[in-house]
Amino acid sequence: MSNTSVVLNHLDSELEITIRIPLQPFIKLLESKIEPPKQQVAEDAILCAKEACSFLKISSSTLQCWKKAGKLKYVNRGSRHFFKKSSLEEFNIEKRLNGVNY
């Protein structure tokens with residue numbers, strides 16, 4: 001097998017078929033199908049409650065319970081509560097290390 005083509009061999013009883021296929025069209029096809037990495041939220045980003053639920057993979061009621069119990073740190077902006085992504089990541093890591101299921 002070379003860098004420029006692939007040789008496919010197929011043995012069917014006494015008939016041997018060899019097909020040479022250039023790789024470049026396949027490489028271009030694969031590159032067109034591969035999506036660029038999605039832009040991720042910055043480390044110190046502030047997340048709203050909906051984004052925090054999505055990040056932690058929990059329901060909004062669970063988020064409210066954890067918030068009231070003091071398990072999650074949050075920031076008040078007016079009447080709304082926001083969460084630092086870095087704090088949520090720390091919470092997730094601590095939860096996994098301690099083997100705690102809330």
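The values are calculated or read from the model by the stated rules, or taken from the named source; none is laboratory data. Everything numeric here is computed off the predicted structure, so don't read it as measured data. Because the Cβ atoms are built from the backbone with ideal geometry, glycine has one as well, and the counts that use them run over all protein chains shown.
Out of the residues in region 5-29 that are polar (S, T, N, Q) and loosely packed, with under 10 Cβ neighbours inside 10 Å, state the one that is modelled with the highest pLDDT.
Top of the filtered list is THR18.
When you scan region 70-102, how many residues do you find that are surrounded by 13 or more Cβ atoms within 10 Å (Cβ to Cβ) and acidic (Asp, Glu)?
So the first thing to find is which residues in region 70-102 are surrounded by 13 or more Cβ atoms within 10 Å (Cβ to Cβ), and the list is 71-74, 81-89, 91-92, 95.
Then keep just the ones that are acidic (Asp, Glu); that gives 89.
Residues meeting the conditions: 1.
Restricting the first residue to region 58-86 and requiring it to be closer than 19 Å to ASP44 by Cα, which pairs with a second residue that is surrounded by fewer than 10 Cβ atoms within 10 Å (Cβ to Cβ) meet a Cβ separation below 6 Å and a spacing of at least six or different chains?
SER86/GLU43; SER86/ASP44
For region 30-51, enumerate the residues that are at pLDDT below 65 and more than 17 Å from the chain's Cα centre (by Cα).
Scanning region 30-51 gives no hits.
Please go through region 66-90 and give me each residue that is closer than 12 Å to LEU56 by Cβ and touching a His at 6+ places or on another chain (Cβ under 8 Å), ordered by number.
LYS67 - this is the single residue of region 66-90 that is closer than 12 Å to LEU56 by Cβ and touching a His at 6+ places or on another chain (Cβ under 8 Å).
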